[in-house]
Structures are given as structure tokens and as C-alpha cells.
Amino acid sequence: MSDLKEKFKEKLQAGLKAIYDAKYSDAVKLLTEATELDPSSINAWYNLGKSYSYMDKCKQAIHCYTKIVELEETATNCYNLACEYYSCQEYEDAIKAYERAIRLDKNYSLAYDGLGSSHGFLDDFDKAIEFYKKAHNLEKENAKYLSHLGWALACNGEYEIAIMYLLKGLKIDSELTEALFNLGFSYYYIEEYEKAIVEYQKAIKLGSESADLYVNIAYAYEELKEKEIACEFLKKAVDFDPYNTDNLFLLGASLQDLGKTEEAIAVIRKIVDEKPSNLDAWRELGICYEIIQEFEEASKCFKHVIDIQNKSVRRQPAMKKPKLRDT
């Protein structure tokens, strides 16, 4: 074996070991040297791209996967490039790469699924549904494809059909938490609030705890006029994500609605401490102080509201007459 090949092999093996040890900066250095020694090595480019991806360095990872496609244009290589675009939220480029993969393999179900997700994140749910159905038709028993199709249908407002596909997916894999979440979401929008709560609770029991789940459960209990229980779940959402000001606001409003004004004030205070320019929070805080007849504090809060409004008006640029954009 020539010295060049021996050096390449050493760098590649050391780079792979660095990835295994989660030392991604070291892996990048070693694998970059490997690609310099052998620019035609797909293995070296692939693992270099993977290392950059682990480090959230999108542009560098995309460069590596693009190199691979230049060296060998296969459906799998195009798919890997598409997935990197997708993870970097470059959905238009992801769509092009997924389509390229499908041109090379018309039965590539994963690529159809990726197309569905990319169109979904661009809010084109009709397209998302179309491609998810193609993935499902290729693999009828794939629970994730059924779940993804259910998600797109729910986002498109087709809740009853979404429920049908989500239930099919859960029949195949009863522990698919994303399907349980979306099933709960769909039940909520057809006003089946008890069923929504059941599905959300199943997801939590399977370890899929999140602030969003707790908020969704709170919404369902609110619709059932169970305001105390709704408030308890909003508290859980805030405990899970203490810096989410939207959830703090929901909790503050819930406490106020229950007549727990002092508690509401303490919660809303956290919002204005974190975001002093939050106009809605200052207004809500002022209302709370009015309720407990602390009018001086209420006046201070409403003064903040006026100051924020005035600053917002001053910052607005001079408006020109609107024009229609040429199509």
C-alpha cells in the first residue's frame, strides 16, 4: 500500500473514532485531511458531512453531501442531501433534492415522505397530503407514514379523515407519540374534548412530556368548563418551560379568571420582567391591580402601555401608497 493510501486510511479511521467518541471538532479536522488525501472518497465526505451536521454547521454539511452527489448521483445520495437541506430548514432546496432522488428511484418511499414534510413546513398541505399518500401507497404498514398523513390532513382542517389515518397508524404502533398528539389535536377540533384528553395523556405516559401537550390538555379542559383543572395543566406547562412568555400569559389569564388575582399578578410580573416591551402583559397587569383596587400600581401599568404604543407609532416609517405586485 502506498504512503498516501496509508495516510488516508489512518485519517479516516481516526475520524470515525472521533465521531464515535462524540469529538466532532476533531472528526472534522481528521476527515477534512482525509478528503484532501483522497477527494474521491464518498465514505470520507459522508462522515465529514455527518460531523458538521452534529455540530449544526448546515452550510458545511450541505457542501459535503453535494460533493457526494457530484461523485456518484444515486437516489440514496440525493436523499441524504435532501435530508440535510430539510434539517437546515431550507425546504425549497430539500424539495429539489428529494425530487432528484425520486427521478432515480420512483419507488423511494422515504423521499416521498420527505417531500410531504417539506411541503408541509411551507404550509402547502395539499401537496403534503399528495406526497404522504404516495409514500403510504408504497408501504401500507408504515405507521409513521400514516401518522404524517394524519398530521397534514389535520393541518388542512380535514379532521375526521386525519383521525382515520392516525388510528390506523396507532393500530400498527400504539406507542407512536406524534400520532397520539395529532389525534388529540384532531379530536379537539371536532369538539370531542374528552377523547382529546385521553390521547394527550397516553402520549405523556409514554414519556412524550412537553409544554405544548400540557397547554393542549388545558385548552380541552377549558372547553369542558373545568377551569381549575385547566389552570393546573397550565402550571405544568410553565413548570416544564418557565421562560415561555405565551404560556405564562395563559396561566396569568387563567388565574385571574378564577379570581386568584394575587397569583395572576405574580405570574404576569415574570413576563414584564423578561420582556418589558410586552404591551399585552402590562395591560393585563393593570387590570389585575384595578381588580384588587391598587389604583396607583394599575396607573403605572397603563402608563407603560401608552409609552409602548407611542414608541411603536414613532418607529413606523412613512407609508407609501400601496401597489399591486406584478404576477
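The values are calculated or read from the model by the stated rules, or taken from the named source; none is laboratory data. In this text, all values refer to a predicted model and were calculated from it rather than measured experimentally. Don't worry about glycine lacking a Cβ; one is built from the backbone with ideal geometry, like all the others, and counts go over all protein chains shown.
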### Task
May I ask you to say which residue of 140, 127, 96 is under 30 Å from residue 35 (Cβ atoms) and surrounded by fewer than 18 Cβ atoms within 10 Å (Cβ to Cβ)?
96
### Task
Starting from residues that are touching a residue at least 12 places away in the same chain (Cβ under 8 Å) and farther than 16 Å from residue 99 by Cβ, keep the ones in segment 66-82 and report whichever is surrounded by the fewest Cβ atoms within 10 Å (Cβ to Cβ).
72
### Task
Report, by residue number, each residue of segment 67-88 that is under 13 Å from residue 43 (Cβ atoms) and not in a helix (DSSP H, G or I).
72
### Spans of helices (runs of 4 or more DSSP H) in segment 105-189 with at least 1 residues under 19 Å from residue 201 (Cα atoms)
143-155, 159-172, 177-189
### Query
Taking segment 188-215, which residues are farther than 16 Å from residue 226 by Cα and in contact with a Phe, Trp or Tyr (Cβ under 9 Å, 6 or more places away or on another chain)?
189, 190, 199, 200, 203, 204, 208, 209, 210, 211, 212, 213
### Query
When you go through 275, 270, 311 one by one, which is the residue that is basic (Lys, Arg) and crowded, with 17+ Cβ neighbours inside 10 Å?
270
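Condition first: hydroxyl-bearing (Ser, Thr, Tyr) and either crowded, with 24+ Cβ neighbours inside 10 Å or assigned by the TED database to the domain that holds residue 249 (or both). Now tell me which residues in segment 188-238 satisfy that. Can you show your working first?
Step one: list which residues in segment 188-238 are hydroxyl-bearing (Ser, Thr, Tyr), which gives 188-189, 193, 200, 208, 210, 214, 219, 221.
The one that is hydroxyl-bearing (Ser, Thr, Tyr) and either crowded, with 24+ Cβ neighbours inside 10 Å or assigned by the TED database to the domain that holds residue 249 (or both): 200.
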### Task
Could you grab me the full set of residues in segment 288-306 that are within 20 Å of residue 254 (Cβ to Cβ) and charged (D, E, K, R)?
290
### Summary
Exception for residue 186 within (1) among the small types (Gly, Ala, Ser); (2) farther than 30 Å from residue 278 by Cβ; (3) touching a Cys at 6+ places or on another chain (Cβ under 9 Å) falls at (3)
### Task
Only one of these is closer than 21 Å to residue 199 by Cα, of a type in the set (A, V, I, L, M) and either at pLDDT 95 or above or not in a loop (DSSP other than H, G, I, E, B) (or both): 266, 237, 253. Name it.
237
